[in-house]
Structure formats: C-alpha cells, structure tokens
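The block underneath contains the structure these notes are about, expressed in structure tokens.
The values are calculated or read from the model by the stated rules, or taken from the named source; none is laboratory data. If you're wondering where the values come from, they're calculated on a predicted model, not measured in any experiment. Here Cβ is always computed from backbone atoms with ideal geometry, including for glycine, and neighbour counts include all displayed protein chains. Ligands, DNA and RNA are stripped out before the accessible areas are found, and what is left, the full protein with its side chains, is counted by its heavy atoms. Shrake-Rupley method; radii C 1.70, N 1.55, O 1.52, S 1.80 Å.
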Amino acid sequence: MNKQIDSIQTTEASLSSGAPEHVAGKPPGKKLQLGTTLMLPGQVVSLLVLVMPLLVALYMSFTDWSPTRGSLFDASFVGFENYSELLIWDTRFLFAVLRTLIISVICLSLEFLFGLGLAVLFLRDFKGKSILFSAFLTPMMILPVVVGYTFWMLFQSNGPINQIIEMVAGQGATIDWFKTAPCALLAVIITEVWHWTPLFFLILLSGLNAVPENPVRAAVILGANPRQVFWRVVLPMLKPVITVAFVIRSMEIIKLFDEVYMLTRGGPGSSTETISLYIYKLAFNDFQLAYGAAAAFLVLIGSLLLVHMLLAPVRNQLLEVDR
C-alpha cells in the first residue's frame, strides 16, 4: 500500500514539474508576445484612420484654412474665433441646431408612441404575426438615401400621396409639399418616422418580452386592471430599455442628412436645413473647411452632453455589477 502511495506521489510530482506554464496558471510568454504582435498592425491602422484625422480636424478648427489658400500648415492660427462666430454671430448655424432639435423631439416622440403601440400589439397571438413582424421591420433595413428618394417621388405634386388626398378631400385638394416650409418639414418628419419606428418597435418588444412575470401576477392578484398593470408595473421596469432606445436614436437623428438632402436639399430657403446638411454645405459647397470643422466639434460636444443627460437616470442601473 505504501509503495502504491509513493508511486502516485512520484507520478504527480513528475507531471507538475513537466506541465506547461499555462496549466500552472502562468501566461505563456511566447504566446503573449505573439498576440501583441498580431494586434499591433490593427492598433496602428485604427490610430491612423480614427485618431489622426480627428486631431487634424481639431487643429484645422483653430485656423482660417481653406483649400483655395494653400497648405493647412501655412494657414493663420485664429484660436477660438471660429467657435465664437458660430455661437454668437452665425444665426444660420443656431437655427440649424434648433431645427434639428425640433425635428428630433417630434420624430422621437412619434417613433416611441408608434413603436410602443406595435410592441404591445405583438405581445398577443394572431394570424399572420410572423409575416407582419418581418414586414414592420423592413423599413429600417432600407438605405436612407433610397428612403429619401422614394418619399421624394411620393410627395411630388402629382404623386401618389396627393392623389390619395384628392380621392378623400376632392378634386384640387393637393399640397405643394416642397414649396412651403411647414409642409417640407412635415414631409421630412413623416419620412423619418416611417424609416425608424421599427427600431423602437424591435427594442421595446424585446424589453416587454423580458419583463418578469412575478410582479405582473402579484399586481393582478392585488386587483389591478390591465391598464394599471401596464402603467405602474410594466412601464417602470422598461425604463432602462426605453432610455437605451432613445440614446441610440438620438445619436442617429442628430446626424440626419440623407433623407433631408434627397427630399428638400434644405429648402425652401434654409427652412429644413439640419446641422449635418449645414456643415456639408460649409465644407464642400463654400470650401470653409476650418469653419465647418469648428461647427462639427461643437455638435460633437453637444451630442456627448446630450447622451450624458439621457443616460443619467439609469446610468447606475446599467453599470451595476453583480455582487
């Protein structure tokens, strides 16, 4: 018996002494060096593609450079002059920011309401549910340029939308969608809501399906009706999901460009000009790249502050670590 124990101990000692480093819990040095070597090209490319243009654009925003004035490094350094002019004197920039915020608030509100309604509807079983689910998700899979061009054709004076209006309201009851500011703005809002309501629908439906059943059953047992269960039990538990949906859409709608460009080009006048379209015109139509870079960085700072404010109510809950 003692001989068997000694032989087992000898075998264990030989195995432990000859075991590779990763078995003993130590990271293999050669594999670590290989991993670092393989990651290095990707890190360098990311640095060149992402960080360097950002730094160049930041430096550019403090100059008066234009492509028609020679090299960037020969341009005059003007400090915060571009930023002060944008915030104090450039009313077109301020109106573009305000217009973008108005479009964002209206679109996000409508998308949330329609998405929540569809999500509640799809909690029930009905015929053709799977087909309708795929159909309702289709709009957000279409390229924004295609959506903008399609709705541009729909909103023409002799297009399908005006024909439907004539059928309902009578001959001659058409709307010149792109000739007046309110109608052009309404066309942009309709297009954006149609395009991105499915995203709210998908996120909210996932959240509703993940709501635990025990609180709902407890509320029903205590005598709550379906409306009270939804508003007082289900909706508060959806707060993190709703916040994430608003954050995702807010970051996207601030960059609203494609649909507006295809529908109105910012017109009539500048009545539908969003901040992205204004910066595009500054940089590529007027060749004021330094001035446009300053406007872009102001929008970046504003977007970061907006996301920070939106995430504030649920930040601790989203970042909570299981103990």
Checklist outcome for this item: Within region 69-100, residues part of a helix (DSSP H, G or I) and within 15 Å of residue 288 (Cβ to Cβ) come out as 69, 72, 81, 82, 83, 85, 86, 89, 92, 93, 96
Item to check | region 137-149: number of residues that are open to solvent by 80 Å² or more (accessible area, probe 1.4 Å) and among the hydrophobic types (A, V, I, L, M, F, W, C) | outcome: 2
Item to check | Count of region 280-322 residues which are in contact with a Pro (Cβ under 8 Å, 6 or more places away or on another chain) and part of a helix (DSSP H, G or I) | outcome: 4
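For residue 174, indicate whether it is hydroxyl-bearing (Ser, Thr, Tyr) and either within 19 Å of residue 106 (Cβ to Cβ) or surrounded by 15 or more Cβ atoms within 10 Å (Cβ to Cβ) (or both).
It is true that residue 174 is hydroxyl-bearing (Ser, Thr, Tyr) and either within 19 Å of residue 106 (Cβ to Cβ) or surrounded by 15 or more Cβ atoms within 10 Å (Cβ to Cβ) (or both).
Just wondering, is there one or more residues in region 140-157 that are of a type in the set (Gly, Ala, Ser), in a helix (DSSP H, G or I), farther than 30 Å from residue 230 by Cβ and touching a Phe, Trp or Tyr at 6+ places or on another chain (Cβ under 6 Å)?
At the first step, the residues of region 140-157 found to be of a type in the set (Gly, Ala, Ser) are 148, 157.
From the residues that got through so far, the ones that are in a helix (DSSP H, G or I) too are 148.
In the following step, the residues that additionally are farther than 30 Å from residue 230 by Cβ were identified as 148.
Then keep just the ones that are touching a Phe, Trp or Tyr at 6+ places or on another chain (Cβ under 6 Å); that gives none.
Among the residues of region 140-157, not one is of a type in the set (Gly, Ala, Ser), in a helix (DSSP H, G or I), farther than 30 Å from residue 230 by Cβ and touching a Phe, Trp or Tyr at 6+ places or on another chain (Cβ under 6 Å), which makes the answer no.
Show me the helices (runs of 4 or more DSSP H) found entirely inside region 191-278 where at least 1 residues are more than 27 Å from residue 314 (Cα to Cα), out of contact with any Leu (no Cβ under 8 Å at 6 or more places or on another chain) and open to solvent by 20 Å² or more (accessible area, probe 1.4 Å).
Because the criterion is at least 1 residues that are more than 27 Å from residue 314 (Cα to Cα), out of contact with any Leu (no Cβ under 8 Å at 6 or more places or on another chain) and open to solvent by 20 Å² or more (accessible area, probe 1.4 Å), the helices (runs of 4 or more DSSP H) in region 191-278 that meet it are 213-221, 258-263.
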Checklist outcome for this item: Of the residues in region 79-89, those that are without any contact (Cβ under 8 Å) to a residue 24 or more places away in the chain and either among the hydrophobic types (A, V, I, L, M, F, W, C) or buried (at least 18 other Cβ atoms within 10 Å of the Cβ) (or both) come to 80, 88, 89
Checklist entry - Does region 101-121 contain any residue that is in a loop (DSSP other than H, G, I, E, B) and open to solvent by less than 40 Å² (accessible area, probe 1.4 Å)? => result no
Next on the checklist: Checking the structure you have, find out if any residue of region 150-160 is open to solvent by less than 50 Å² (accessible area, probe 1.4 Å), out of contact with any helix residue (DSSP H, G or I) (no Cβ under 8 Å at 6 or more places or on another chain), free of Cβ contacts under 8 Å to residues at least 60 places away in the same chain and closer than 21 Å to residue 271 by Cα.
Outcome noted: no
